[in-house]
1. Which order, highest average first, do 133-144, 104-115 follow once you tally other Cβ atoms within 10 Å for each residue and take the mean per peptide?
2. Can you compute the modelled spin-label distance between residue 14 and residue 78, with each label point 7 Å from Cα toward Cβ, in nm?
3. May I ask you to give the average projected area over all directions of the convex hull of the Cα atoms of the stretch 56-145, in nm² rounded to one decimal?
4. Evaluate the distance, in nm, between pseudo-label points positioned 7 Å from the Cα of residue 6 and of residue 135 along their respective Cα→Cβ axes.
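Values in this text are rule-based calculations from the coordinates and carry no lab data. Just so it is clear, the model here is predicted, and its values are computed rather than measured. Neighbour counts are summed over all protein chains in view; Cβ atoms, including those assigned to glycine, are modelled from backbone coordinates with ideal geometry.
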Ligand SMILES: [Zn+2]
C-alpha cells in the first residue's frame with residue numbers, strides 16, 4: 001500500500017502510515033448496485049406545488065399590501081377620501097396582475113386585496129359624503145353672503 005499523503009510504501013495490514021500517520025486508504029465501499037434490493041427504488045419526491053412562501057415576487061406582494069394600506073388610510077381621511085378610490089383601484093389591478101403572473105395568493109397580496117376593496121368601497125362612500133359636506137358648506141357660505 002502507498003500512503004496517499006507522503007507516498008511511503010508500507011504493509012497492507014497497517015491502519016496508519018508509519019511515516020506520517022495518515023490513515024491508510026480504506027477499501028472502496030461496495031457499489032450500491034451490490035446491495036440487496038427490496039423491490040422499492042427510492043425516487044425523487046414528486047413536486048405537487050412549490051411551497052407557498054417561495055411563490056411569486058416578495059417585492060410585488062409587498063407593493064400590493066402597501067397600496068392597499070394607502071387605499072384604506074386615504075379612504076378614512078375625510079378630504080382625501082377620493083385617493084382611497086384611486087389607490088384601491090391601483091391596488092386591485094396590482095393584485096390582479098400578481099394573480100395572473102403567479103396564480104397564487106400570499107398573505108401580503110391577500111391583505112392588499114381586502115384593503116384595496118375596503119379602500120375603494122369606503123373611499124367611494126366618504127367621497128360622496130365629503131362632496132355633500134363641501135356642497136353644503138358652499139351653499140351655507142353663499143346664503144350668508146346674500
Ligand atoms: Zn505517509
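1. Working: 133-144: 9.7, 104-115: 19.2.
In decreasing order of mean packing, 133-144, 104-115 become 104-115, 133-144.
2. 9.5 nm
3. 5.3 nm²
4. Here the modelled spin labels are 10.1 nm apart.
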